[in-house]
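Colleague: Right, I'll just put the structure down here and ask away after.
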Amino acid sequence: LGRDAKQRGFVPPPADEVARLTFLGAAGEVTGSCFLLETGARRVLVECGLFQGERRALERNRRPFAFDPRGLDSVLLTHAHVDHSGLLPELVRDGFRGPIRATRGTQDLLGILLRDSAHLHEQDAAQENRRRLRRGARPIEPLYTVADAERALELVEACEFDQELELGPDLHARFVRAGHILGAASLVVRVRSGHVERTIVFSGDVGRQSEPLLHPPDPPLQADLLLLESTYGDRDHRDLAATLEELAQVLALAARDGGNVIVPVFAVGRAQEILHHMAVLEDEGRIPELPVFLDSPMAIHATELHRRHGPSFACEPREPRQLAFCRTSEDSMRLNERRGVVILSASGMCEGGRVLHHLRHNLWRETTDVVVVGFQARGTLGRALVQGARSVRIFGETVAVRAKVHTLGGFSAHAGQSELLAWSQAMRAGGTCVALVHGEPEKRAALAARLAGGAGAIWQPKRGDRVALRRLGEPVGFMPRDRTREGKGAHW
Ligand SMILES: [Zn+2]
């Protein structure tokens with residue numbers, strides 16, 4: 001370990017350890033993925049995710065990192081979703097200068113997602129500052145700016161799947177396919193010290209076997225330690241074929257009624273997936289050809305990116321025959337006069353974006369169908385619709401809900417419980433120890449119960465807990481965070 005890193009507060013692992021891993025986020029929660037790996041010669045951050053959700057989670061984004069970003073050698077990123085990547089601009093602003101390694105698909109998606117995230121943070125700060133100005137309070141800085149995001153993007157180095165990367169004299173990594181979204185990977189990291197080698201697998205977000213567009217997840221077969229996501233650790237998803245049948249029925253009936261179909265979508269991934277399914281249903285003659293409008297600049301950008309990445313998918317992404325893009329807000333407003341059309345618009349939980357205008361114009365009509373194709377968090381407008389609200393508030397106005405609201409449960413980018421068990425089966429059979437991450441406490445506890453009984457231990461780490469990869473004896477040891485010995489300098 002160089003003198004520079006030591007000055008920055010990094011201490012090499014003790015002599016009996018090959019490496020040490022610290023859980024800094026996604027530990028008992030689904031956001032803020034962040035793991036610090038320290039070997040004898042390198043300090044690598046795996047993921048650098050934004051905390052999302054309620055106010056208290058958001059405040060955590062503003063706290064200083066628990067390590068000095070200037071002392072890190074590199075970052076490894078499994079995929080582009082901001083709960084895995086969204087603090088990269090902050091990391092760079094705080095002095096990180098090393099490479100950020102990710103697959104090509106992830107690099108391209110980051111260009112959309114990090115710029116958008118930075119733009120939202122700038123907007124939020126500007127809005128908050130208008131309020132502060134009025135009450136005579138001091139203005140705040142945005143969490144980070146578009147310029148910070150641009151600097152982070154410049155550090156990204158695109159890597160190929162299944163290619164061995166040398167990260168240092170004692171450290172190698174490889175990206176393997178995880179399904180989930182374009183470019184998403186699991187990571188196989190090998191640490192060597194003398195003739196001892198230990199392997200850590202980071203699952204990233206594991207996708208589904210049945211998803212038609214993406215290559216299915218390619219699970220590693222062996223590891224000493226596995227960090228396994230547990231987002232849906234407690235249940236299986238509805239069957240995709242049944243969900244598509246439901247979608248076909250809704251669209252066919254809507255075409256007969258002549259009303260509009262509003263589909264709130266996440267701009268990246270889900271929007272392209274729904275377009276593909278609609279194209280296939282059209283080709284199979286299960287739905288009539290309908291005018292389809294994609295009304296979200298970010299979703300349009302992501303769809304164009306999917307077109308460019310066509311060959312890297314399991315099958316070429318398809319689009320409905322009458323698909324049109326609404327690039328400008330004028331294009332979007334013109335839809336107010338249309339009937340008998342399908343509108344895909346963001347945001348996916350109806351918390352902002354152009355979809356709110358379409359809901360205001362259409363929710364009160366009986367002929368409207370709203371098709372919910374994604375997860376709706378507690379407290380969102382989307383959740384209120386799913387729960388059968390008779391009226392909702394949009395832009396300060398009460399809007400009656402006479403539209404039919406359909407919740408289609410089978411679209412998920414995450415493996416369900418059985419799929420997670422199958423994905424980790426070979427490693428578990430070989431005695432791999434598992435640290436369950438990226439899941440709410442009850443979900444990961446449910447998965448832990450299903451995984452129990454093998455040779456390797458199952459842990460449910462909290463933030464600040466560590467795992468040691470040892471040279472001799474038990475290869476992996478869990479070290480709960482010592483909360484009694486923490487000084488003022490500890491930021492968790
Ligand atoms: Zn993800």
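Here, each number is a calculation from the coordinates, and none is a lab measurement. Just so it is clear, the structure is predicted and the values come from calculations on it, not from any experiment. Cβ placement follows ideal geometry from the backbone for every residue including glycine, while neighbour counts extend to all protein chains displayed.
Colleague: Normalising by the residue count of the chain, find the relative contact order in percent from Cα pairs under 8 Å and 6+ residues apart.
Modeller: Over the chain, the number comes to 17 percent.
Colleague: With a sphere of radius 14 Å drawn around the Cβ of Leu110, what net charge do the other residues whose Cβ falls strictly inside it have (Lys, Arg +1; Asp, Glu -1)?
Modeller: Within the 14 Å Cβ shell, the charges total -4.
Colleague: Can you tally the net charge around Pro142? Count Lys and Arg as +1, Asp and Glu as -1, for every other residue whose Cβ sits under 12 Å from the Cβ of Pro142.
Modeller: With Lys, Arg at +1 and Asp, Glu at -1, the neighbours total -4.
Colleague: As a check on your grasp of the helix formula, calculate [θ] at 222 nm for the chain: sum -39500 (n - 2.57) over DSSP H runs of n ≥ 4, divide by the residue count, round to the nearest 500.
Modeller: It comes out at -9000 deg cm²/dmol, rounded to the nearest 500.
Colleague: Would you mind ranking Asp205, Asp116, Asp108, Asp236 by Cβ crowding within 10 Å, fewest neighbours first?
Modeller: Listed from fewest to most nearby Cβ atoms, that is Asp236, Asp116, Asp108, Asp205.
Colleague: Now for a separate question. Sort Met479, Met298 so the one with the fewest other Cβ atoms within 10 Å of its own Cβ comes first.
Modeller: Met479, Met298
Colleague: Evaluate the distance, in nm, between pseudo-label points positioned 7 Å from the Cα of Ala242 and of Arg365 along their respective Cα→Cβ axes.
Modeller: Simple spin-label model gives 3.2 nm for this pair.
Colleague: Between Glu59 and Asp482, with labels modelled 7 Å along Cα→Cβ, what's the label distance in nm to one decimal, could you check?
Modeller: The two pseudo-label positions are separated by 2.9 nm.
Colleague: With label points built 7 Å along Cα→Cβ from the Cα atoms of Ala455 and Glu128, find their separation and express it in nm.
Modeller: 5.1
Colleague: Let me ask something else. Report relative contact order for the range 367-409 in percent, whole number only (criteria: Cα-Cα under 8 Å, sequence separation at least 6).
Modeller: 54
Colleague: Apply the Debye scattering formula to the chain, with a single equal point scatterer on each alpha-carbon and no solvent, then give log10 I(q)/I(0) at q = 0.10 Å⁻¹.
Modeller: With one equal scatterer per Cα and no solvent, log10 I(q)/I(0) is -0.79.
Colleague: If you don't mind, another one. Taking 0.36 nm per residue of sequence separation and subtracting the Cα-Cα distance, how much length would be gained by fully extending the chain between Gln163 and Ala377, in nm to one decimal?
Modeller: The span from Gln163 to Ala377 would gain 73.3 nm if fully extended.
Colleague: Just the number, please: percent antiparallel of the DSSP beta bridges in the chain, rounded to the nearest 5.
Modeller: 55
Colleague: Okay, moving on. Relative contact order of the range 130-245: what whole-number percent is it, with Cα pairs under 8 angstrom and at least 6 residues apart?
Modeller: The value is 17 percent.
Colleague: Please get the size of the charge dipole for the chain, origin at its Cα centre, with Cβ charges of +1 on Lys and Arg and -1 on Asp and Glu, quoted in debye to the nearest 20.
Modeller: The dipole of the chain has a size of about 1740 debye.
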